[in-house]
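The numbers here are math on the coordinates, done by the rules we state, and not lab data. In this text, all values refer to a predicted model and were calculated from it rather than measured experimentally. Reconstructed Cβ throughout: ideal geometry from the backbone, glycine too, with neighbour counts over all protein chains shown.
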Amino acid sequence: MSLPRILVIDDQFGSSIEDRRNLCLSFGLRDITGDDTTPENIEAPLAEARFTSAQKQVNGVITNDVQIALSAVGDGWPHKDGWRWSMVLLDIRFVSGRVDERGEIEGGAGDDDFGMRILEEIHKRYPDIPIVMLSSRERKKVLEECLRKGAKDFIQRTAYSPDTTPPKTVLGQKLFEHALLPDIREPSDGLKIVGNSLSILNILRSARTMATGRSNILLLGETGTGKELLARYIHDMSSNLAGPYVVFDASHTAETLHEDALFGHVKGAFTDAKDDKPGLFEMADGGTLFMDEIGDISYNLQAKLRRPLEERVVTRQGGKKGIRINTQVVLATNRDLYEDAQAGRFRSDLLNRINVSPITLPPLNERRDDIPLIAVALLEILCRKHSARWPRTITPDAMERLVNHDWSGSNVRGLRKVLEQAVLNSRDVELIVPSHIRFDHPIEPVKVQAAGVAGAAPPRPEGDIYISPAASKALTEKLFEQGKLSDYYLEMVNYVLWALEKSKDERDNEPIYPKAWFHLTGETVTGSTKWQREIGKIIFRVSNEDIIPLMKKSGIFTEAVVICGSKVDSAIERLKELASLMKESDAFKNAVQKGIAKSKEGSKSKKNLSDILRSWEDANKA
Amino acid sequence: MRLCEAFLLASSDIASMNNADWNNLRSRLHHDWLQKYFTLFDARADEMDRGIIEKKLIRADILKKFDAWQAKEPDFEALINEAVFALSPKQLLDEHPLSRMPDDDKAWLGDVIHALYLERTKMQDKLVELAGMLSSICLTHALLKKLLQGENGELREKAGERPVKRFYGEMREFSRVISSLPHEVQVV
């Protein structure tokens, strides 16, 4: 769907095709009602419109009927073909009664405010649908009542001055402000926000509204939910911005370089400052600066952000002169900045300045209806990227797998990875079938790799699953300091377990996995007591809620138990705790039994696990 | 002129549409019909002006819609004509409890309060203004109709630049003044 669809509820335009043609022409609407055999050809239409009169005529008498209006709204909220009304335009006066020989309708009691009744009923039943009143009544006389009853705005159909804004421009403004519009841009890289779920359409509307101002915009949401795409959307929607779109990613830039990247320097500010250099704030002047992973910026640098964010003034390092900038700043993070502020890791005063009305992107699991649309859009991009066959189709059962998968933690990025794997494994097929869909990348090691400490990583092996022990260790410590470990634990567990599982099943078949196994078990785990402890801590400090489902994957869990059982006291304690939590759980019993079987005779691990199993059995007997 | 003269008549001679009927007529004419008539000009004023300049015949369905005004002229005339009485407090004499007064008293009191009402509200001035606007609109409409049907020469010269758009402006001003008339009987 390239144009938004709106529903127009109006007695006259719903019934008189000739009048409707004129309305469509002046408002830029393409009539899709279906009852006009020769509709006007509308140049550059703003929207498609379906018309209904909300009336019925029996024996020459016209009656107003709220149910007709509600039924028309329900047809497109949401429609079975995946679209939904972007907006409803609603008249106020609906003339009813007997039709005389001149075609005049006599009028009836309640006609004058029948539109208000419809408004209340629609708003009650479909509170999220944007309703804009369209009437010839004087705006100031009825606006307040309309807003009170749930309308978003009011368009006075005919203004009294001949020089007022043309109707098409007025409608365009109202659509921009209030309508639920999908992202219909056509960016050169093909990347845009795909989706027709209410949550995403509401977010796009908020983004458009905020794009018209100059305040700081904070985007929140899990990794892979599309924060950068939304930042780009905000930039593109800022019609008053002619300047560039500039990105600063705190997690991809060494911390020591953050200040220089953002503020720049003057010649001689420090040893290597051979020339003046503008920072990204200045480079984005007249445009947008997108600051990703804002939570990764050091506490000291956070203090320096206040002036550019509040006063729009920056001073280069070593410089004395403040430079005024006209930059829209969009900030993003997947962290809980409130929690960070309470823990003293993020400055409360900065948080107050950037957190005026944050936009939170929903995880993919909360907008599953969008997965088919996103999957098809991604598939096209990926097929073109890899020169694979296009067009192609995802079969309904394969799509069902995608829709029902748990995308926690990976979101659209995870979906992209699954589809990319499917494309790479089947470059020349017409159909993507369930066997092409493999969910074997619960996390993205790239993120871990990227966040690692420069210089700590040994030469990278083939494949993208490598994580260097030194980098991981350093990262773990860094994340401990920043209080970010709760998320990281889970990612690490997923990562380790994923690698373990792969090595178990495929170590002899796939060229990549043995290397992962080697680095995790051969070199890293079995070769380093210290690293074993790290993994042990990580695995066994995961919350009960998270670890119990993991334990049910007994093969995976067994490996973890064998690795950690002999070395990590806290792991043993945790296992004992889990034994009491998982009474009568065959998964637990199986995992521990397998762990015992795999442990070497006489090892501490075997003894520990046997003790735990015995206690578990005793508790169950009791 | 007929309309203007009407306001100079004695109150007892004017027509007698009550307030509710007059408001109903105003709703039908002004809100229901005229505002929707305006969509023709929102959509087609430029096209019609171009047609006049380029001496092209306008489409029959557009001309028909434009013509619809003529059928409504008498109704607008009546609306203006009836407004003086429909908004006059004299009407209250026909309603309970004043309706119980003796007819003789009602006659003189009616004339007094009607005169007071005219004096205080300057209603006649507004209605004379409206009547003048209506006369002008009727003339312009007739002229434009001829132009849209293809007549040119002297008439076209007389019409000036963008005559349809100017006509639309004139009608919108007419609509604004109608809209500014009160709905309720004016108590003085």
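Principal-axis analysis of the Cα atoms of chain B puts helix B:103-121 at an angle of about 50° to the longest axis. Listed by chain and number, the aspartates and glutamates placed with their C-alpha closer than 20 angstrom to that of A:Lys600 are A:Glu523, A:Glu559, A:Asp569, A:Asp611; residues fewer than eight positions away on the same chain are left out.
Legend: calculated FRET efficiency, A:Ser348 to A:Thr169, from the Cβ-Cβ distance at R0 = 35 Å, rounded to 0.05, equals 0.20.
Could you list, in their original order, any pairs among A:Lys576/A:Lys607; A:Lys56/A:Lys140; B:Lys56/B:Lys158; A:Lys141/A:Lys168 whose Cα atoms are separated by more than 25 Å? Table pairs above 25 Å Cα-Cα are A:Lys56/A:Lys140. In a reduced charge model with +1 at each Lys and Arg Cβ and -1 at each Asp and Glu Cβ, segment A:13-121 shows a dipole moment near 300 debye about its Cα centre.
Using the Cβ-Cβ distance between A:Lys141 and A:Asn404 with R0 set to 30 Å, the FRET efficiency from 1/(1 + (r/R0)^6) comes to roughly 0.05. Of the residues B:Ser16, B:Ser175, B:Ser99, the one that moves most in a GNM of chain B with alpha-carbon contacts below 10 Å is B:Ser99.
Taking 12 Å as the cut-off, the amide N atoms of segment A:327-354 that come nearer than this to a point 7 Å along the Cα-to-beta-carbon line of A:Glu310 belong to A:348-354. Taking the inverse of the mean 1/r over every pair of distinct Cα atoms in segment A:200-261 gives a Kirkwood hydrodynamic radius of 13.2 Å. Label separation (A:His252 vs A:Lys124): 5.2 nm, computed from points 7 Å beyond Cα along the C-beta direction. The angle separating the long axis of helix B:163-180 from the principal Cα axis of greatest extent in chain B is about 20 degrees. Please say if segment A:29-83 is rounded, prolate or oblate, where rounded means a/c under 1.5 for a ≥ b ≥ c the square roots of the C-alpha gyration tensor eigenvalues, and otherwise the choice is prolate for a/b larger than b/c and oblate otherwise? Oblate is the answer for segment A:29-83, as a/c is 1.5 or above yet b/c matches or exceeds a/b. Note on A:Glu584 and B:Lys146: the model spin-label points, each 7 Å out from Cα along the C-beta direction, lie 10.0 nm apart. Take the Cβ atoms of B:Glu129 and A:Glu104, set R0 to 25 Å, and the FRET efficiency comes out at 0.35.
Computed from Cα atoms, the angle from the helix B:60-86 axis to the main principal axis of chain B rounds to 20 degrees. For segment B:33-160, the orientation-averaged shadow of the C-alpha convex hull comes to 10.6 nm² (one quarter of the hull surface). Computed extension length for A:Thr393-A:Ile17: 131.3 nm, one decimal, from 0.36 nm per residue of separation with the Cα-Cα distance subtracted. The P(r) of segment A:312-364 has a tail past 19 Å containing 48 percent of all C-alpha pairs.
Based on alpha-carbon centroids, what's the gap between segment B:30-99 and segment A:294-318 in Å, whole number please? Computed from Cα coordinates, the inter-centre distance equals 63 Å.
Over chain B, dividing the summed -39,500 (n - 2.57) contributions of all DSSP H runs of at least 4 residues by the number of residues returns a 222 nm mean residue ellipticity of -22500 deg cm²/dmol. Residues whose amide H lies under 5 Å from that of A:Ala47, counting only those 5 or more places away or on a different chain, are A:Arg30; hydrogens are built 1.01 Å from N in the peptide plane.
Once both labels are positioned 7 Å from their Cα atoms along Cα-to-Cβ, the gap between A:Glu601 and B:Ser136 label points is 11.5 nm. Please give me the summed charge of the neighbours of A:Lys56: other residues whose Cβ is under 12 Å from its Cβ, Lys and Arg +1, Asp and Glu -1. Net charge in that neighbourhood comes out at -2.
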